[in-house]
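Here is the structure we will look at.
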Amino acid sequence: MERPLTVLRVSLHHPTPGPATFANVPPQLEHDTSPLLVGRGPDAHLRLQLPRLSRQHLSLEPYLEKGGARLAFNLKALSRKGCVWVNGLTLRFLEQVPLSTVNRVAFSGMQMVVHIEGGTSLEAFVCCFHHSPSPLIYRLQAEESDEWEIIPQEQPPSGSGQQAPGHLGFLDSPSQPSPGGAPEIQLQREPPDSALC
């Protein structure tokens with residue numbers, strides 16, 4: 001009996017995609033348990049054509065936790081020039097972080113959300129890719145760095161019921177503080193699972 005594969009549902013967004021940016025992204029990719037490379041080079045499994053992207057920018061690395069019965073994943077930064085932002089942490093060359101069930105990743109202007117659905121196969125996993133026309137992650141600073149820009153805003157007197165000029169009230173309710181103190185807001189509901197693969 002064949003064991004079900006772990007599925008990584010990967011949503012991708014770039015604010016200014018050219019026609020070639022996602023040209024080499026397959027809708028689905030089955031992969032063995034070697035690291036899955038992301039970059040613009042010919043050896044990358046997920047090839048994205050972006051000028052600031054390294055040939056091997058990052059990798060998704062499956063592993064078996066001690067005593068575990070399912071694959072788990074690390075994300076490792078492979079670029080010497082750029083860095084990768086993962087769930088509020090900034091990774092530099094060869095730094096890595098374990099992934100949770102839902103992960104927000106940004107690199108070279110690209111936004112990526114990775115949902116991990118555990119299967120029982122230990123020999124392979126499958127990635128389902130979806131290109132999102134809308135932003136997936138809201139951050140105050142577009143570059144992947146650990147410096148956060150704080151913009152002071154005029155505040156109306158408390159209890160007045162008025163909004164400050166330029167205030168976007170719809171951003172208040174879903175915001176959640178992130179480790180850097182800046183709000184992180186999910187701007188788009190994820191499509192149903194059936195729409196991702």
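Of note:
- Tally of residues being open to solvent by less than 90 Å² (accessible area, probe 1.4 Å), not acidic (Asp, Glu) and not in a loop (DSSP other than H, G, I, E, B) across region 17-39: 6
- Inter-residue pairs, beta-carbon under 7 Å, first over 12 Å from Ser59 (Cα atoms) and in region 75-98, second modelled with pLDDT under 95 and open to solvent by 60 Å² or more (accessible area, probe 1.4 Å), 6+ apart: Gly82/Arg52; Gly88/Pro179; Thr90/Asp146
- Residue under evaluation Leu58, criteria (1) touching a His at 6+ places or on another chain (Cβ under 9 Å); (2) crowded, with 19+ Cβ neighbours inside 10 Å, criterion not met: (1)
Quick grid of which residues meet (1) at pLDDT below 95; (2) open to solvent by less than 10 Å² (accessible area, probe 1.4 Å); (3) more than 22 Å from Ser34 (Cβ to Cβ):
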position	(1), (2), (3)
Val84	no, yes, no
Gly88	yes, no, yes
Phe93	no, no, no
Gln96	no, no, no
Arg104	no, no, yes
Val114	no, yes, no
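Residue by residue, here is whether (1) farther than 27 Å from Leu5 by Cα; (2) among the hydroxyl-bearing types (Ser, Thr, Tyr); (3) assigned to a loop (DSSP other than H, G, I, E, B); (4) touching a strand residue (DSSP E or B) at 6+ places or on another chain (Cβ under 9 Å) holds:
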position	(1), (2), (3), (4)
Gly68	no, no, yes, no
Gly82	yes, no, yes, yes
Leu94	yes, no, yes, yes
Ile116	no, no, no, yes
Thr120	no, yes, yes, yes
Val126	no, no, no, yes
Pro135	yes, no, yes, yes
Tyr138	yes, yes, yes, yes
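- Within region 40-66, restricting attention to residues that are free of Cβ contacts under 8 Å to residues at least 40 places away in the same chain, assigned to a strand (DSSP E or B) and in contact with a Leu (Cβ under 8 Å, 6 or more places away or on another chain), the residue that is nearest to Ser79 (Cα to Cα) is Ser59.
The values are calculated or read from the model by the stated rules, or taken from the named source; none is laboratory data. Since this is a predicted model, take the numbers as computed values, not measurements. Virtual Cβ from ideal backbone geometry, glycine too; neighbours counted across all protein chains shown. What goes into the accessible areas is simple: the full protein's heavy atoms, side chains included, and nothing from ligands, DNA or RNA. Shrake-Rupley method; radii C 1.70, N 1.55, O 1.52, S 1.80 Å.
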